[in-house]
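Chemist: Below are the structure tokens for one structure; questions will follow.
The values are calculated or read from the model by the stated rules, or taken from the named source; none is laboratory data. Being a predicted model, the structure only gives us computed values, none of them experimental. Positions of Cβ are backbone-derived with ideal geometry, glycine not excepted, and every protein chain shown enters the neighbour counts. Each accessible area value is taken on the protein alone, full model and side chains, heavy atoms only, with ligands, DNA and RNA left out. Shrake-Rupley method; radii C 1.70, N 1.55, O 1.52, S 1.80 Å.
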Amino acid sequence: MSDLTLWQTLQQANLVEGEMPRNNQPHWSSRFLLGLVGWSAALFLLFFLFMTFEQLTREANSALLLGAVLLGVAYAINRSQSGDLWDQFVLALALAADAWLLYGLLDQADSHQSLLWFGLCLLSLAIAVLFDHWLVRLFHSVAAALLLTLALACLGLQLLALPLVMAAITFCWLRADHDPARHQLYHAITLGLALSLLVLGRLHQPLWEGGSSVLDELGLSRLPLWLNPLLCAALLLAVMVKLKLPLWYGLPLVLISAVIPGIGAGALVLLLGFYAGSLGLMTLAALLLVGYGALYYYDLGLTLMTKSWLLLGSGALLLAARQLLKTCSARSAS
């Protein structure tokens, strides 16, 4: 019995029949290369259209029309054709359409108008939902989160962007378990929103020393700085309660999230990835934790010697916490 595969064991138990189904999904590396090819094809397509319709594309209305036509063609091909070649073509058309639409809208509207960014955010979400293409959903989910942040910045509410994106990630990831038919849709959107967290932290930082950030250029924040990490910590605690995780082990992480901005986002992605067994989310969470921790370390107004002692103490505290968790785990197992 030990030499039998899982499928053969299930066959002997009359739980399944026929041959074992094969996983036809491409590897993540193939999807990554597909994305690079799509971006390159979009740039060549943009250059070709610009050289062909140079006079028309200089006008905002013509650019909007061209972008809408390209988007419609991409959607029609996506719904009628399948295969890697067609997927690349759909990706190139969709990205080229995004560029023309963005150019036409920015040329006509004021970049400080929140309605512009909210409209683009809704358009990106609509494209992510309607297109049956993993990379199109991923790219437009990232774009939707960033556009939402810009829209909130115009209203002076940019500090709410990170908690809102975290709430959207939680909703999509938990919703995927309750709606298996749309699992791929929710999964792609979740990864896209999680990837946007890597950029959101940098948007709050000044572009140069002594300068202002991108978000402050659109509008100064009307909210206190402490509200952002506090909301992230509250959301992290709510997710832990929802997933019925032991609060005794997670409370120190919640407290750290309430002090250091962005740590709550990394911890949330880590919890969701560990809960669902997603290596991709856990890897992304590690990048978030390191990135936001480095930003906080850089922004500390302390001397290098004080920072060194702080790092030393943090490392010792983490090692002690690891040993405590191992001891508690061993006692509970026995």
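Chemist: Using a Förster distance of 35 angstrom, determine the FRET efficiency expected from the C-beta separation of F47 and M282, and round it to 0.05.
Modeler: 0.35
Chemist: List the chymotrypsin sites (Phe, Trp or Tyr not before Pro) in segment 216-269 that DSSP assigns to loop (not H, G, I, E or B) and whose Cβ has at most 15 other Cβ atoms within 10 Å. Which are they?
Modeler: Of the chymotrypsin sites (Phe, Trp or Tyr not before Pro), the ones in loops of segment 216-269 whose Cβ has at most 15 other Cβ atoms within 10 Å are W226.
Chemist: Let me know the charge dipole size of segment 71-223 about its Cα centre in debye, to the nearest 20, where only the beta-carbon of Lys, Arg (+1) and Asp, Glu (-1) is charged.
Modeler: 300 debye
Chemist: Hey, could you pull the Cα Rg and Dmax for segment 155-200, both in Å?
Modeler: In Å, with Rg to one decimal and Dmax whole: 11.8, 39.
Chemist: Could you tell me whether segment 95-218 comes out rounded, prolate or oblate from its Cα gyration tensor? Rule is a ≥ b ≥ c as square roots of the eigenvalues, rounded for a/c under 1.5, then prolate if a/b exceeds b/c, otherwise oblate.
Modeler: Oblate.
Chemist: Could you give the length gained on full extension between W226 and W7, defined as 0.36 nm per residue of separation minus the Cα-Cα distance, in nm?
Modeler: Length difference between fully extended and current span is 73.5 nm.
Chemist: May I pose another question? Suppose R0 equals 56 Å; then what is the FRET efficiency for S62 and L251 from their Cβ-Cβ distance, rounded to the nearest 0.05?
Modeler: 0.45
Chemist: Which peptide among 160-173, 136-149 comes first, and what is the full order, when sorted by highest mean count of other Cβ atoms within 10 Å?
Modeler: The peptides rank, most packed first, as 136-149, 160-173.
Chemist: Follow-up question, since we're still on this one. Rounded to the nearest 0.05, what FRET efficiency is calculated for A294 and V37 with R0 set to 35 Å and r the Cβ-Cβ distance?
Modeler: Efficiency for this residue pair is about 0.65.
Chemist: Which lysines does K326 reach when only Cα atoms under 26 Å apart count, and residues fewer than 8 places away in its own chain are ignored?
Modeler: Candidates past the 8-residue exclusion: K242, K244.
Chemist: If you don't mind, another one. What length, rounded to one decimal in nm, is gained on full extension from H178 through to L243, with 0.36 nm per residue of separation minus their alpha-carbon distance?
Modeler: 22.0 nm
Chemist: Enter the accessible area of S308 (Å², nearest 10), with the probe set to 1.4 Å and all protein chains included.
Modeler: 60 Å²
Chemist: Next question. Per 0.36 nm of contour for each residue apart, how much would the distance between S111 and L310 grow if the chain were fully extended, relative to their Cα-Cα spacing?
Modeler: Taking S111 through L310 to full extension adds about 67.5 nm, to one decimal.
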